[in-house]
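What follows is one structure encoded as structure tokens, with my remarks underneath.
The values are calculated or read from the model by the stated rules, or taken from the named source; none is laboratory data. None of these values were measured; they are calculated from a predicted model. Ideal geometry is used to build each Cβ from the backbone, glycine not excepted, and the neighbour counts take in all protein chains shown. Please note that ligands, DNA and RNA were not included when accessible areas were found on the heavy atoms of the full protein model with its side chains. Shrake-Rupley method; radii C 1.70, N 1.55, O 1.52, S 1.80 Å.
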Amino acid sequence: MAKLFAEFDQVEADLEELTKIVGECLEKSLESIVLYLQEGETQEVAKLTDLVHSKESEADEVRRKLVQHILKGSLMPHTRSDMLHLIESIDDIADAAQDILDSIIFLSLKFDHLNLAKLDKMQELLIEQFDKLSQGLKLLFTDMRQSLVFARELEDVESKLDDLEEEITREIGNTAGLEPAAKLAHRDLVKSISDLGDIIENVGDNIETIVSVRKG
């Protein structure tokens, strides 16, 4: 029993580290994307992009360590499987955020017709949503009921992101003089940013699964 508790303590510590790094990756990715949209590919954007890549690599390293620890441990098979799904879903956030940043910079895409104020709001909502997720993950092993409360709040934030996505997309579609290909590029970027909310919410779904199994 002591060994089992020690394993949970280590998993909890590693999970907290992974969540912290993924949150930093998400935050710096969004900061870099917004700055790129405002100023183009500046030195500051390049520095932030390098930091994002570094954080994503850190997250991968912690994820691998955590996965190996779980696979070699004595957790029950269903618990092990649920934890692995949870870990991968957290890491997906960093991967997706980095992919958005890399794609717009690699292609040197221009986005001159976006409502930056609304994009700023999307950024704020994503940070708020991830903060709720972080709080839910911290409580997963100590207060399942409260962890579930935070997990279920993710959907409310995701709904607000969907509303903003729809508003911005409609504005882009109604922009006179914007070529169809440019409209599609603008729309795809907005959708990619909004979809981060779905990816974060997916982690909440995994939390709910773990809580339901542990409650029996």
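Per-structure values
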read-out: Some residue of the range 177-191 being outside any loop (DSSP other than H, G, I, E, B), in contact with a helix residue (DSSP H, G or I) (Cβ under 7 Å, 6 or more places away or on another chain), closer than 16 Å to MET83 by Cα and basic (Lys, Arg); value: no
read-out: Residue in the range 80-91 that is in a helix (DSSP H, G or I), of a type in the set (Lys, Arg), more than 16 Å from the chain's Cα centre (by Cα) and farther than 30 Å from ALA176 by Cβ present; value: yes
read-out: Qualifying residue in the range 58-74 (condition: basic (Lys, Arg), under 23 Å from ALA151 (Cβ atoms) and assigned to a helix (DSSP H, G or I)); value: yes
read-out: Failed item in (1) under 14 Å from LEU196 (Cβ atoms); (2) touching a His at 6+ places or on another chain (Cβ under 9 Å), with PHE111 passing the rest; value: (1)
read-out: Flag if THR142 is open to solvent by 30 Å² or more (accessible area, probe 1.4 Å), of a type in the set (S, T, N, Q) and not in a helix (DSSP H, G or I); value: yes
read-out: Filtered residue count, the range 170-210, keeping only those that are of a type outside the set (Ser, Thr, Tyr) and touching an Asp or Glu at 6+ places or on another chain (Cβ under 6 Å); value: 5
read-out: Of all residues making up the range 146-189, the number that are farther than 20 Å from ILE200 by Cα and either in contact with a Ser or Thr (Cβ under 6 Å, 6 or more places away or on another chain) or among the hydroxyl-bearing types (Ser, Thr, Tyr) (or both); value: 3
read-out: From LEU178, LEU189, residue being open to solvent by less than 70 Å² (accessible area, probe 1.4 Å), of a type outside the set (Lys, Arg) and under 21 Å from the mean Cα position of the chain (by Cα); value: LEU189
read-out: Test result for LEU125, surrounded by 17 or more Cβ atoms within 10 Å (Cβ to Cβ) and out of contact with any strand residue (DSSP E or B) (no Cβ under 9 Å at 6 or more places or on another chain); value: yes
read-out: Matching residues, the range 192-216, being in a helix (DSSP H, G or I), farther than 24 Å from ASP95 by Cα and open to solvent by 40 Å² or more (accessible area, probe 1.4 Å); value: SER212, VAL213, ARG214, LYS215
read-out: Within the range 156-175, tally of residues that are in contact (Cβ under 8 Å) with a residue 12 or more places away in the chain, open to solvent by less than 80 Å² (accessible area, probe 1.4 Å) and within 20 Å of the chain's Cα centre (by Cα); value: 6
